[in-house]
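Before any comments, here is the structure.
Every number here is computed from the coordinates shown, using simple stated rules; none is lab data. All figures in this text were calculated on a predicted structure; none of them were measured in a lab. Cβ atoms come from the backbone with ideal geometry, glycine included; neighbour counts cover every protein chain shown.
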Amino acid sequence: MERKKVFIETYGCQMNVSDSERIATSLKREGFELTEDEGSADVILINTCSVREKAENKLYVRIGEIRKRRGKRVLLGVTGCVAQLEGEEIFSRFDRKGESGVDFIFGTRATGRVTDILKKVIDTGERVIDTHERESDYDWSFDLSVSHSKFVAFLPIIEGCNKFCTYCIVPFSRGREVSLPPEEVIRQVQRLVSEGVREIHLIGQNVNSYRPRDLGILERFPGATPFSRLLRAVAQLSGCERIKFTTSFPRDFHPDIVAAMEEHANLCNWVHLPVQSGSNAVLRAMRRGHTIEAYMKKVEVIKKSPKQIALTTDIIVGFPGETEEDFMQTVKMVEECEFHHTYIFKYSPRPGTPAAERMVDDVSPEEKRKRFLYLEAVQRDIQRRVWQETYLGKTVSVLVEGHSKKGNNLSGHTTCNKVVNFPGSEDLIGQIVNVRITECKNNSLFGELEM
């Protein structure tokens with residue numbers, strides 16, 4: 001078989017990035033050539049996100065753009081959450097219009113079969129689809145040479161979600177929760193550290209819901225939950241300088257997680273704890289499984305920690321039935337929590353979810369936009385004040401990951417996951433340096449290297 005060039009385009013969360021890295025590893029192992037030049041690719045693979053309607057619509061726009069520019073000269077594939085959910089409908093959508101669409105589709109649990117799928121398409125010229133379950137002996141490792149970073153790694157410890165929040169498509173696109181064995185997690189972390197990785201993100205839809213079938217090595221470590229045991233085990237056994245984790249589910253966030261972070265310097269001072277709303281009525285409608293009072297108690301534990309943990313969150317505005325009073329309760333909650341950053345989303349119904357099927361999307365687009373902008377302005381003021389009080393004039397530890405997107409500066413992240421840009425020489429890339437913060441921008445910090 002002629003050596004084919006493959007271009008992978010990834011949208012969505014860290015789990016999608018991680019999937020693409022393992023897909024790229026499999027392709028490279030089987031003799032395919034990976035390229036960053038879309039124009040020279042024989043195969044283009046789009047790894048999709050379905051969390052929001054806008055992201056899903058972007059897929060079909062991209063397919064049209066690629067076909068218009070490249071015609072049938074390129075093989076086009078779709079993977080990720082849209083592939084898992086839509087399946088054959090992606091083929092049919094273009095067939096109904098008499099247009100060229102995609103040549104192959106595989107879901108979130110078929111990533112380990114990518115080379116077989118692609119070889120079949122190339123050999124037979126037929127369209128192929130695979131949305132079946134993951135094989136039991138799936139290899140979760142990846143080649144660092146195809147990673148998004150040589151110094152920062154995303155390592156899944158749990159896949160799927162059992163929570164079934166009424167607005168969320170993830171349980172349908174990612175399946176039920178499956179936790180990796182702790183020995184496998186520790187082995188992967190140790191391997192990555194030995195290859196030069198300096199920061200590892202333990203990732204999953206709900207990392208603190210981590211529950212392996214067998215505690216195994218975790219029996220040797222204290223902890224109120226399997227996840228807090230895992231944190232202690234990875235902190236002690238991995239040799240990794242920086243360990244972060246995301247995302248956390250509020251109901252399963254135990255105070256012992258904060259205790260573990262305080263015990264180990266390499267467990268970084270950042271928690272992402274999505275609240276989604278400050279109204280109990282809306283939280284019930286979302287089926288989040290927690291009240292705002294319970295959430296605030298967890299925030300109190302985080303805020304009281306001497307480790308100075310940076311707290312970030314997600315919020316949805318304009319959920320079905322959200323009144324002005326509900327929204328203002330969310331605003332009040334944001335003011336009280338003083339999040340370091342908030343990802344705010346306007347509600348959009350996802351087909352197949354309970355909210356889309358059973359609830360009336362009764363908050364107008366104009367009102368959603370109004371609430372979004374209002375909350376964004378409130379958070380911006382809070383963030384500016386909190387960042388200035390916490391970081392301005394202070395020295396922070398930065399893992400230098402590369403060049404900044406704008407200008408000739410270097411860029412990296414703090415232990416609390418803030419982006420920091422600063423002037424410096426290229427030989428600092430991959431190093432952990434001290435930077436004194438001189439300016440707080442909207443979404444990043446700027447500083448000067450301390451010698």
Lone cysteines in the chain, going by a 4.7 Å Cβ-Cβ cut-off? C13, C49, C81, C161, C240, C268, C337, C416, C440
I'd like the distance between the alpha-carbon centres of segment 78-118 and segment 265-317, rounded to an integer number of Å. 36
So for S145, S348, fewest C-beta neighbours within 10 Å to most, what's the order? S145, S348
If you keep only loop residues by DSSP, which trypsin sites (Lys or Arg not before Pro) in segment 80-185 have at most 12 other Cβ atoms within 10 Å of their Cβ? R96, K97, R176
Just rank V207, V301, V234, fewest to most, by other beta-carbon atoms within 10 angstrom. V301, V207, V234
With eigenvalues of the C-alpha gyration tensor scaled by 5 and rooted, segment 395-449, Å: 14, 12, 10
Candidate values [x] 219; [y] 155; [z] 168, label of the one derived for volume of the Cα convex hull per residue in Å³: [y]
Going by Cα centres, segment 331-363 and segment 140-158 are how many Å apart? 31
List the chymotrypsin sites (Phe, Trp or Tyr not before Pro) in segment 354-399 that DSSP assigns to loop (not H, G, I, E or B) and whose Cβ has at most 14 other Cβ atoms within 10 Å. Which are they? none
Exposed GluC sites (Glu not before Pro) being those in a DSSP loop with at most 16 other Cβ atoms within 10 Å, the longest stretch of the chain free of them is 196-337
Counting DSSP beta bridges with both partners in the chain, what percentage is antiparallel, nearest 5? 35
Using the number of other C-beta atoms within 10 angstrom as an exposure proxy, rank H264, H340 with the fewest first. H264, H340
Modelled FRET efficiency - R0 25 Å, R436 with E195, Cβ distances, 0.05 increments: 0.20
Estimated FRET transfer efficiency when R0 is 56 angstrom, pair L392-A224 (beta carbons, to 0.05): 0.95
Based on the Cβ-Cβ distance of A377 and K405, what FRET efficiency does E = 1/(1 + (r/R0)^6) give at R0 = 41 Å, to the nearest 0.05? 0.95
Chymotrypsin sites (Phe, Trp or Tyr not before Pro) in segment 161-261 lying in a DSSP loop, each with at most 15 other Cβ atoms within 10 Å of its Cβ, come to F164
